[in-house]
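Below: one structure, written as structure tokens.
The values are calculated or read from the model by the stated rules, or taken from the named source; none is laboratory data. Remember, it's a predicted structure, so these values are computed and weren't measured experimentally. Here the Cβ positions follow ideal geometry from the backbone for every residue, glycine too, while neighbour counts run over all protein chains shown.
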Amino acid sequence: MSGGEPAVIDAGEIGSGEPPEAVNADRVLVAAVLAGTRGAFETLVRDHQRLCWHIINRMVRHPDDTRELCQDTFLRVHRYLHQYRFESALKTWIGQVAYSVARRHLERKRIPIAEPAADEDSVSFVERVADDFDLEAASADAELGAVLRDEIEALPPLQRTVLTLYHFDEEPIAEIARITGLTAGTIKSHLFRCRARLRGRLQARLGEME
């Protein structure tokens, strides 16, 4: 690889859905890391460590494990970066690595990752059950927010991760599906079931507090 600037690539070559400037920035950064450019890998880590931490922390819920697994994630990213083919955004690919690392960690500890999702055909029914629950409004209320955080913590790892990525990190369903390897319909099913469960648990908890 030459020491000059990497060529700018047409974003149409890539099916990531990212804007051309983001695609080209990914290519420039990856080329710099692979070329051993000073500070390039540190830039990659700095750009993506927040997403990595959020995915892993929401899966494992243990700060020491999260820290170690984040380090493992970026070691894997560095080791396998030459295999990255720009079929998704760099952010998505790193998110996939982080999710895979966290999932394997839970599997080794024999911790159940998720409750079974409803069939995609039943999503519309579950959506009707949960569609009047405003999660963002509940989290903004001081009293409701404290109860809500406790209930979110009690969700299984996958549902907790999907819910927070969608509602609090504002990641689109398609992006969460790419990171987790699940279908968009399955992600929707997890989201709607979580919302229905949280609404029911909030109502029960508030009733106990009256």
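Quick notes on this structure:
- Every residue from the range 143-182 that is outside any helix (DSSP H, G or I) and farther than 14 Å from Ala114 by Cβ: Phe168, Asp169, Glu170, Glu171, Pro172
- Contact map, the range 144-165: first residue modelled with pLDDT under 85, second residue surrounded by 20 or more Cβ atoms within 10 Å (Cβ to Cβ), Cβ cut-off under 8 Å, separation 6 or more or different chains; pairs are Leu148/Leu135; Leu148/Leu198.
- Number of residues in the range 18-37 that are assigned to a loop (DSSP other than H, G, I, E, B), touching a helix residue (DSSP H, G or I) at 6+ places or on another chain (Cβ under 9 Å) and either modelled with pLDDT of 95 or more or under 25 Å from Val101 (Cα atoms) (or both) equals 2.
- Checking Val129 against (1) among the aliphatic types (A, V, I, L, M); (2) at pLDDT below 95; (3) under 15 Å from the mean Cα position of the chain (by Cα), the condition it does not meet: (3)
- Top-ranked residue of the range 52-84 - restricted to ones that are among the hydroxyl-bearing types (Ser, Thr, Tyr) and under 15 Å from the mean Cα position of the chain (by Cα), ranked as farthest from His105 (Cα to Cα): Thr73
- For the range 1-17, taking the residues that are surrounded by 15 or more Cβ atoms within 10 Å (Cβ to Cβ) and within 24 Å of the chain's Cα centre (by Cα), the one that is modelled with the lowest pLDDT is identified as Ala11.
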